[in-house]
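Everything below concerns the one structure shown next.
Read the figures in this text as sums done on the coordinates, not as results from a lab. Since we're looking at a predicted model, the values are computed, not measured. So basically every Cβ, Gly included, is an ideal-geometry build from the backbone, and we count neighbours across all protein chains shown.
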Amino acid sequence: MPTAPQGPADLPWLPRLSPQFRADLAALEASPPADWGLALRALATQHIGLTQATALASSLARLQQAHGGNGSLTGLRLGLASNATVDFLKPMLTASALRHGLALEVISGDFGQVAQQAMDPQSTINRARPDAVLIAVSQAGLPLRAGAAWPPFAAAPALAELGAIRDGFRSHSGALCLVQNLPTPPQLLFGSLDAATRGTLRAETTAFNRALAADVGKHGDLLIDVEWLAQYLGLTRWYDERQWHMARLPCALAALPLYADFVARALGALRGKARKCLVLDLDNTLWGGVIGDDGLDGIFLNVGDARGEAFREIQQTALDLRSRGVVLAVCSKNDDATARAPFREHPGMLLKESDIAVFMANWDDKATNIERIARQLELGLDAMVLLDDNPAERAQVRAALPQVAVPEPGGDPSAYPAQLLAAGYFESAGFTAEDLARAADYQANAARAQMLTGARNLDDFLRTLQMRIAFAPFDLQGRKRITQLINKTNQFNVTTPRYTEQQVAGFQESAHHYTLQVRLTDKFGDNGMIGVVICEKQPREWRIDTWLMSCRVLNRGVEQAICNRLAVDAAAAGAQRLVGTIIPTARNGIVRDLYQRLGFAQPASDAQAWTLELSQYRPHATWMSPDETRGAQASA
Amino acid sequence: MNDHAVRATVARVFAEVFEGEDFAFSDQLSRETLKAWDSLGHIRLIGALEEAFDTRFTIEEIERFTGVTPILVRLSAGA
C-alpha cells in the first residue's frame, strides 16, 4: 500500500514507530535498567498511536509500583476537565508526558460535569489536589449560542462561564489552570462576511479567544492555544463530526497524538523540562553543501537562490530562538578553521560566531561533543536539541544520549524551521527579562570555562588523573570487543582495516603477528578497552598493520605509552625498527600527524612508510603507571 | 484490491487495534464475541480501517459494522 506523505498529525519530527516497540517495552519491564524512567522516555519518543500509548501508560504504572516512585521522571498530577470523552486522551496524555520527562497522573471528573467539578470543593478533581488542571472545553461545552433569533452567537456569556470554571478550580484545588481557547469553527454562514460580522460563530470565537488571551495572565492561568493547533493541522482534520456525534471525541481520533503532545510540552515547561540549547550541525544544515569539499564559493547560502534561501531561513530561525533566550551551539565534523570560515567570510551567513556559545568542530563523535557542549554550558543533556541533516548522526546521538532531543528535520531544508519549531522543544510558560539575557549569560560562562580549561597546565591535569594502563596480547575474553573496535573506529585509526572475529582469532594464533589490547583506568573509573594494535613481525622490522584508539582517551598520552610499549617489545624480539603507514580517510584526520608526533622519520613520499629506528629511541614521557593487576586476564 | 487482500488487511487492522486481546480473526468474529470491541474499541477500529483503506464510512455504515462480515462486504464492494 502506498504511504501517504507525513502530515502534522504524524508528529513528523519524531522517529517512526519501531516494529520492535512491543518487544522493547516488554524487555524494559522484564529487566528495568537503573534509569528506567529515561528508558521509558526514549520509548515514548517515537510516533506512537493509541495502542502504544495505552501500553506505555500501563508500564509506567507497574514500574512506579515496583520501584516505589517516579525514578528520574518528574511527577505531575493533572486534573482533566472536559466536555468531551477523555478515555482515549488520558493514556495519550500520559505517554506524551513521558516524552517530556513527566510521570503524569491524570484525574478526570465525570463526563460533562465541568462546572460541577470546578465549583464543588469536594469534587473528584478538587479533592485530588492536582498540580495543574487542564480545562478542555470546546464551543459545544460553553453557552456560546445566544438564541434562535439574530445574533445566534455571543462570546460574553461563554467567557463568563469559563471564568467561573477557572475561579472554581483555582480556589478549590489550588492548582494552576491550563485553559484551552477555541478552535476556529469549520464552517461559515455568510462567507467572508462572517469574520467581520459580530454574532457569527466565527467572529464570536475570535472575540472569545482574544478576550481569553488578554485575561489568562491576570489570574496566573496558562493558555493552551488549541486555536493555532487546529489551524496548523487543518480544520478539516481537526474536526471529525461523526466521531463527535458517536463518541464525543475532543478532536478527530487521528489528531489525538498531536493534541496530547501539545498539552504535554506545556506541562513539561511548567516543570522546567523545556530545552534550553539548540546544537546546530553545519554542512547541509546551516548551509547547502560541504564546506570542506565545496569551499566558500561552492556552498549554497545566497539570496536569490532557492536552496540558499532555505538555509538562510534555518539560520534566521536559530537567531529568532536566540533572541528569546535559547542558547546556540555548533557541533560539526570538520576542521575548526574550515568550519569557521563561512561565519567569518561568507556574506550570506546570518549567524555570526558571536551568536554561538560553544563552537565544537572536530572529528570526534557527536555524542561526545554534545556532552562537552553541555558541560561547558553547565546544562543537562536533557536541555539539548540537535538539528542535524545526517540520519546516521541522529541515530548515533539518540542511541548514545537518549536525553538529547534529536528531531527528524524534514526531508528538505525548507522544512527544517517549521519542523523544529513544531516539535515544541522550547515551550515556555512565561517570558521575562531574564530570558532575554539568558543566551548571553550562558555564552559568557562558557567562555570563562574555556579560558580556565586553556590556562590549566595540561601536564598537571594528566598527573591528577592517576591513569593506569594495561597491555595484553589478544585473548579470547577480549576478542569480541577487539573486533567491535576494529570495525567501528573511524577517527583514531591509522589504516582503518576491518577484520572479522575469526580473523582477529587468526592474528592471536599467528606466530608472525604481534597483538596488543590496551585498557585504561583513571580516578574516575575504568575506561575499558581503548586501544588495539596489530603488527606484522618481520626479522628486521615490525610493520604496524593496525593501530586504533577510542576517542574518549585522546590527548592523554596514551599513544605515547603505546609507542613506548611497542618499542620495548619489538627491540626485545630483535627487530631494528618500527614501520607505519597512514591511509587517509574522510574521518581519520586526527591521525595524519601521529607518527610525526611520535618521532618516526618522515618518508620521502606519501606512498612510503614512516620508520622509527629502535636503537635511537628515547621513550616518551607519560603520566600513567602500568597496571599489572589486570594484564592478560582483561575481559571485555 | 481483491477480496483476499481486503481480508488480509482487515485482519491486520484487527490485530493492531485489539493487540493483546485473546481472539482469532474470522468471519464469525463480532462485537458480541470480542469483549474489547466495545464502543470505544469500535471508534478505534473504524479509525484504523479508514486509514488502512483510505476511505470514510458513514455513520450508518459504522453502526452496521457489528461483526467482521459486514465490514468485509463494504470494503470488498469498493473501498
Modelling each spin label as a point 7 Å along the Cα-to-Cβ direction, I'd like the residue A:294/residue B:19 distance in nm, to one decimal. 4.0
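Take the residue pairs A:480/A:523; A:90/A:218; A:273/A:523; A:90/B:35; A:90/A:276; A:333/A:488 and return only those whose Cα atoms are more than 24 Å apart. The partial results should precede the final answer.
On the way: A:480/A:523 26 Å; A:90/A:218 29 Å; A:273/A:523 32 Å; A:90/B:35 21 Å; A:90/A:276 28 Å; A:333/A:488 16 Å.
Over 24 Å apart, Cα to Cα: A:480/A:523; A:90/A:218; A:273/A:523; A:90/A:276.
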Quick one: grab the alpha carbon gyration tensor of segment B:3-76, order the square roots of its eigenvalues as a ≥ b ≥ c, and give me rounded if a/c is under 1.5, else prolate or oblate depending on whether a/b is larger than b/c. rounded
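What order do you get for A:219, A:47, A:512 when you list them from fewest to most C-beta neighbours inside 10 Å?
Numbers: A:219 13, A:47 18, A:512 9.
By the 10 Å Cβ count, ascending, the order reads A:512, A:219, A:47.
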Label-to-label distance, nm, for residues given as residue A:192 and residue A:124 (7 Å Cα→Cβ offset): 4.8
To the nearest 20 debye, segment A:462-633 has a Cα-centred charge dipole, built from +1 on Lys and Arg Cβ and -1 on Asp and Glu Cβ, of 400
For the protein assembly as shown, with the dipole built from +1 on Lys and Arg beta-carbon atoms and -1 on Asp and Glu ones, taken about the Cα centre, which of A:446, A:55, A:179 lies farthest toward the positive end? A:446
Given Cβ charges of +1 for Lys and Arg and -1 for Asp and Glu, the option among A:78, A:600, A:623 whose Cα lies farthest towards the positive end of the dipole of chain A is A:623
Averaged across B:44-53, how many Cβ atoms of other chains sit within 10 Å of each residue's Cβ atom? 4
According to the square roots a ≥ b ≥ c of the eigenvalues of the Cα gyration tensor, what is the shape class of segment A:462-633, taking rounded for a/c under 1.5, prolate for a/b larger than b/c otherwise, and oblate for the remainder? rounded
If you build the convex hull over the alpha carbons only and average its shadow over all orientations, what do you get for the protein assembly as shown? Give it in nm² to one decimal. 39.4
If the only charges are +1 at each Lys and Arg Cβ and -1 at each Asp and Glu Cβ, what is the size of the charge dipole of chain B around the Cα centre, to the nearest 20 debye? 100
As an exercise, use a Förster radius of 60 Å and the Cβ-Cβ distance of residue A:352 and residue A:22 to find the FRET efficiency, rounded to the nearest 0.05. 0.80
For segment A:74-118 and segment A:221-270, distance of Cα centres in Å: 13
Using helices alone, what [θ] at 222 nm do you get for chain A, with -39,500 (n - 2.57) per DSSP H run of 4 or more residues, divided over all residues and rounded to the nearest 500? -12500 deg cm²/dmol
Dipole magnitude of the protein assembly as shown about its Cα centre, charges +1 at Lys/Arg Cβ and -1 at Asp/Glu Cβ only, in debye to the nearest 20? 1360
Scanning chain A for GluC sites (Glu not before Pro) in DSSP loops with at most 11 other Cβ atoms within 10 Å, what's the longest stretch left with none? A:1-377
When the helices in chain B are scored as -39500 (n - 2.57) per DSSP H run of 4 or longer and the sum is shared across all residues, what 222 nm value do you end up with, to the nearest 500 deg cm²/dmol? -17500 deg cm²/dmol
Shielding of A:271-278 by partners, i.e. mean partner chain Cβ atoms within 10 Å per residue? 0
